[in-house]
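Laboratory data are not the source of any read-out in this text; all were calculated from the coordinates shown. Since the model is a prediction, treat every value here as computed from it, not as a measurement. Quick reminder, even Gly has a Cβ in these numbers, built from the backbone with ideal geometry, and neighbours come from all protein chains shown.
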Amino acid sequence: MAGFLNQYEIFYNKAKADLSAANVLYANLLAGNSDLDFEIICFHLQQCAEKMMKAVLSKNQIYYPRIHDLETIYNLLKENGIVLDIDLNLLIALNDYAVEGRYAVMNEELDSIKEIFTLVTDMVWEVGKIIR
């Protein structure tokens, strides 16, 4: 029987699942699946980034408010001496997908989607090193 997971491990595992979902959905969208939309892919990327940063905060026992704003969460890490090597402007581009992307058609595609996939994938790797 497996032991209980710490909160930071739950965040980390859920974030990896969000990244996997985004990758699968994006591949299916590119393959022509018209039932998918761009917003749901970006939602999963935003969720991955959010959960990764919250995993680091949780691991370091740093209080964080129940928010989805990636810049605010990133700044909280920075204020506590934790620096993730990421492009903050690229990360912030995902903010609108936390809530609006789930409920509205945003009618825009991020020109930087491949860079955002790289950013979030790199975050998974970097956070994995921090929390282990």
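Values as computed for the structure displayed
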item: In the stretch 63-73, the residues that are among the aliphatic types (A, V, I, L, M) and surrounded by fewer than 15 Cβ atoms within 10 Å (Cβ to Cβ); result: I67
item: Selection within the stretch 1-47 - within 23 Å of R132 (Cα to Cα) and part of a loop (DSSP other than H, G, I, E, B); result: M1, A2, G3, F4, L5, N6
